[in-house]
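Notes for the one structure printed next.
The values are calculated or read from the model by the stated rules, or taken from the named source; none is laboratory data. Quick caveat: nothing in here was measured; it's all calculated off a predicted structure. So basically every Cβ, Gly included, is an ideal-geometry build from the backbone, and we count neighbours across all protein chains shown. Quick note on the areas: whole protein, heavy atoms, side chains included, nothing else; ligands and nucleic acids left out. Shrake-Rupley method; radii C 1.70, N 1.55, O 1.52, S 1.80 Å.
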Amino acid sequence: MAAVRETRSLILNTAEKLFQERGYNGFSYHDIAAPLNIKNAAVHYHFPGKADLGVALLERYREILRVATKDFMRNGGDATLQLQGYFQFIARRCEKGGKICALGMAASDFHILPEPVQQQARALADETLAWMTRVLKLGREQRHFFYDGSANARAVCVLAALQGAEQLARMAGQGVLEATIRQIASDLGM
């Protein structure tokens, strides 16, 4: 049973990398199976259709967000540390090979995704935006962040800037994302 779970995890890891580099339609089950030295049938065993795989990838990202933020949100931790942690998470996910985080790739591929994958993408976007809004609101209450307008509007701006920077970084290098993160932090008064 452990070997089955390990194979599933390896499939998801490989699929995640391919999804971030190429997008949803940019890879096949063969592209997943070949580097793992398994048969396509093994991928189909765990994920009967590509939509099942897409849903699993986005559920995994949602779980990462929930786990990484639940203690902070429950305990009202330092908003600056939380936002810095998110910036580091994005930078690490994108620094090798010009990858784009799952949220950014799902957004760029959204209209070609199967409906179940679209639903997971919407849920990931909604949860990420809700989290960012809470962090920015708390940061303002803690007098760590200074900005005009609502926390939700600022959260949209922050996430949009990060997504755009990830796209540009694929062509212009990681420095674009790093400069965007520094500018966001400066705009917030961090």
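Of the trypsin sites (Lys or Arg not before Pro) found in the range 136-167, the ones in coil according to DSSP and having at most 15 other Cβ atoms within 10 Å of their Cβ are Arg143.
With all protein chains in place and a 1.4 Å probe, the accessible surface of the range 43-190 carries 55 percent carbon and sulfur. Rg and Dmax over the alpha-carbon atoms of the chain stand at 17.7, 55 Å. Entry note, the chain: the mean residue ellipticity at 222 nm calculated from DSSP H runs of n ≥ 4, each adding -39500 (n - 2.57), is -26000 deg cm²/dmol after division by the residues and rounding to the nearest 500. Surface analysis of the chain yields an accessible area of 52 Å² per residue, using protein heavy atoms and a 1.4 Å probe. Cα centroid separation, the range 25-42 to the range 134-172: 37 Å.
Here the dipole of the chain is about 240 debye; that uses its Cα centre as origin and unit charges on the Cβ of Lys and Arg (positive) and Asp and Glu (negative). Which of the three applies to the range 151-190, rounded, prolate or oblate, going by the alpha-carbon gyration tensor with a ≥ b ≥ c and a/c under 1.5 meaning rounded? Because a/c hits 1.5 or more and a/b fails to exceed b/c, the range 151-190 counts as oblate. Here's the picture: charge each Lys and Arg Cβ at +1 and each Asp and Glu Cβ at -1 in the range 18-91, and of Tyr61, Ala91, Gly49 the one pushed furthest to the positive end of that dipole is Gly49.
For Met190, the solvent-accessible surface with a 1.4 Å probe is about 80 Å², rounded to the nearest 10.
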